[in-house]
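Please read the structure below before turning to the comments.
Rule-based calculations on the coordinates, nothing more; no lab input. Everything numeric in this text was worked out from a predicted model, so none of it was measured. Virtual Cβ from ideal backbone geometry, glycine too; neighbours counted across all protein chains shown.
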Amino acid sequence: MFTIITNTLTPVFFVLALGFIAGKRRIIDNVQVRSLNLFVMNFALPIALFKASSQTPRAKLLGEYNFVAVLVLTMWTVYAINYFIQGRFFGATRGENSVRALTVGLPNTTAIALPLLVSVLGQGILVDIAISICVGVVFMSPITLAILAATKATTQGLPLGKQMKDLTIHLLERPIMIGPFAGIAVALLGWHIPEIALTSCDLIGKATPGVALFLTGLVLSTQTIRFSPPVIIGVVLKNFLQPLIAFGFVIALGLTGPTARAAILIAAVPCGFFGILFGLANDIKSEVSGASLLLSSILSLFTLSAVIYLTAGM
């Protein structure tokens with residue numbers, strides 16, 4: 001088991017470290033990560049998820065409702081708890097609070113869950129990863145984006161209705177949403193994708209895990225750890241409580257097998273960077289979210305190892 005955990009996590013943290021070092025040494029500008037982020041979110045990842053979901057048997061897709069429910073309930077629970085604590089006890093503003101909550105509630109599925117779950121559970125788990133990313137895009141990101149839009153509308157005197165309309169259109173037009181949903185539609189309709197198209201998708205899709213991990217390392221290199229109570233509470237929620245909450249929902253909803261293990265492993269993945277990127281796009285630089293992202297990623301070397309070991313019998 002030790003060998004399996006080592007072989008699984010070493011490549012993940014090696015690429016993370018490369019990105020971190022490249023950012024710290026200014027080999028690559030760690031502040032201007034927009035181009036790499038756009039490559040991952042608009043090209044590599046949507047194409048990889050399109051291929052994975054379009055190749056999935058219809059019966060498997062239709063049987064994933066419990067898996068979706070576990071992910072949604074787990075992420076919503078952690079988001080709500082952190083949002084309440086950060087606002088009630090630490091006086092975070094509404095916009096800052098939503099960024100902190102998304103950073104903790106939404107795991108880094110795009111960069112860490114993808115290579116991790118494939119290493120542990122094999123290529124067959126790709127559709128579950130695609131679904132988990134869809135869950136984040138559909139059920140998690142819009143909450144923070146809506147709060148940020150409402151905050152912007154209030155502070156700048158903009159019509160909230162127009163802000164929400166623009167937000168909805170923006171979400172529906174994003175390739176990260178179009179890719180997996182288009183693939184799921186293809187699978188449900190039973191359409192056949194030509195082999196040359198699948199091979200073309202493979203060429204760019206295989207770049208996704210490595211580039212996304214490297215990008216995460218770059219983002220981490222800009223952050224400073226300050227062991228403040230908001231950071232510690234957020235990381236405890238993410239790294240320790242979220243996998244336990246996921247396990248509880250897995251038991252409650254009767255989820256079993258590799259899909260159940262995937263749900264728990266996804267919950268154990270460290271903080272994601274969507275919250276930070278959304279915040280920066282709205283002129284909110286959350287030091288708490290940045291510190292949480294870095295500390296959560298470091299601690300995940302131990303917490304992920306524990307979860308991989310404890311779920312091995314599932």
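Structure notes:
- Straight-line reach from residue 152: taking Cα to Cα under 16 Å and skipping same-chain neighbours fewer than 8 places apart, the aspartates and glutamates in range are 96, 166, 283.
- Normalised contact order of the chain, rounded percent, pairs of Cα under 8 Å and 6 or more residues apart: 34 percent
- Over 29 Å between alpha carbons, listed pairs 24/285; 60/285; 24/51: 60/285; 24/51
- Ordering of 142-149, 245-252 by burial proxy (mean other Cβ atoms within 10 Å per residue, highest first): 142-149, 245-252
- Gyration tensor verdict on segment 30-74 (Cα atoms; rounded if a/c is under 1.5, prolate if a/b is larger than b/c, oblate otherwise): oblate
- Inverse of mean 1/r across different Cα pairs in segment 2-310, Kirkwood, Å: 19.5 Å
- When only the Cβ of Lys, Arg, Asp and Glu is charged (+1, +1, -1, -1), the dipole of segment 2-310 relative to its Cα centre reaches about 420 debye.
- Cβ-based charge dipole, segment 2-310, positive-most Cα from 269, 56, 228: 228
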